[in-house]
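One structure below.
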Amino acid sequence: MIWLVQLVFDCRDPDAIIRFWGRALEYRNDLCFASDEEVADFRAAYPQFDGRGRIDDRELRRPPVYIQRVPEAKSGPNRLELEIAVPPGSRTAVRQDLLRLGATVHGDQLADVEGNEFSLREASDLVERKLASVAFACLDPDRMTEFWSAATGFVPGVRRCDSVDIGLGYQDGGFVLHGRRFLHVTGSEAAPTRVRLFDLSPGLTFRPVDQPKRMKNRLHLDLNSTDAAADQERLIGLGASVLQWDREHVMADPEGNEFCLSSPAEPG
């Protein structure tokens, strides 16, 4: 069973991605709003995190994000893109805010500080910004909806699927699900204020394109499982393939989009 979905960015500058997306999506996270000097002090104090970073919401409103430096530069349009939804009447103001953070205009879309494309839309039911969707460009949206809804347990719709409340709770620095306790870094210093955790987590949408995937994605999903071995078999049965299964558990969906399958961490 998948109990948590984490976003993972490949990038050149983890701190720039942390600053942009942490502020763009209004994470409750002090490091996202730290000065350059404060970030430099943090990096000097924790050299073991060089080339890596995280965005975690201390109230557990939003999904965790892991950021890692890679040697390859972005070389084409991303296969996965983020879609931000904003309250009615706020799109222009939010767009200007994102441009001040370093976003650039790419035709009908925007792009972050490293050129990762994303979109912006208004939603009538919102009172704050939300990461509405992770959008997949794909050859067969219906097949991908079928795969990813079954893979994650999300509820399928028309070329999208959305997260559901699986009863995940939080207590004493850890997550609780069906009587089992799991540890994850996103909950290490959390102070949630809502009954439903990660209630601003995104759905997944699938839009048709006529070109197959040709390069490694700069953004992928990390599925946190209650039983990685069992979920590996289940996902293969759904159409996934195994790319690497050693220290890293890397798989691919039916169209070759990489994703990770993480084993659970439980208290000793």
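Every read-out reported here was derived from the displayed coordinates using simple, explicitly stated rules and does not represent laboratory data. Everything numeric in this text was worked out from a predicted model, so none of it was measured. Glycine gets a Cβ as well: all are built from the backbone with ideal geometry, and neighbour counts include every protein chain shown.
Largest GNM mean-square fluctuation among 142, 30, 222, using the chain with Cα springs under 10 Å: 30. Straightening the chain between residue 44 and residue 16 buys 8.4 nm, computed as 0.36 nm per residue apart minus the Cα-Cα spacing.
Only bridges with both residues in the chain count here: give the DSSP antiparallel percent, nearest 5. Working shown, then result.
Numbers: 40 of 60 bridges.
Around 65 percent antiparallel, to the nearest 5.
When the Gaussian network model of the chain links Cα atoms closer than 10 Å, the mean-square fluctuations of 70, 39, 94 top out at 39. A protection proxy built from the mean count of other Cβ atoms within 10 Å ranks the segments 206-214, 18-26, most packed first, as 18-26, 206-214.
With each label modelled as a point 7 angstrom along the Cα→C-beta vector, the residue 250-residue 101 pair spans 2.8 nm. Straight Cα distances below 14 angstrom link residue 74 to the aspartates and glutamates 10, 13, 112, 114, 117, with same-chain residues fewer than 8 positions distant left out. Computed packing ranks the peptides 150-156, 43-49 as 150-156, 43-49, most packed first, by mean other Cβ atoms within 10 Å.
Ordered by the number of other Cβ atoms lying within 10 Å of each residue's own Cβ, fewest first, 144, 1 fall into the sequence 1, 144. As a proxy for reagent exposure, 159, 52, 218 were ordered by neighbouring Cβ count within 10 angstrom, fewest first; the result is 52, 159, 218. Each peptide in 53-62, 99-108 gets a packing score, the mean of other Cβ atoms within 10 Å over its residues, and the list from highest to lowest is 53-62, 99-108. Ordering 77, 21, 63 by the projection of their Cα atoms onto the charge dipole of the chain, which places +1 on the Cβ of Lys and Arg and -1 on the Cβ of Asp and Glu, puts 77 at the extreme positive end. Converting phi to 3J(HN,Hα) with the Karplus coefficients 6.51, -1.76 and 1.60 and the offset θ = phi - 60°, the stretch 133-138 yields 8, 9, 9, 9, 7, 8 Hz in sequence order, with x at every glycine or proline. Label positions at residue 127 and residue 241, each projected 7 Å from the Cα along the C-beta direction, are separated by 4.8 nm. The convex hull defined by the C-alpha atoms of the stretch 2-262 has an orientation-averaged projected area of 14.2 nm².
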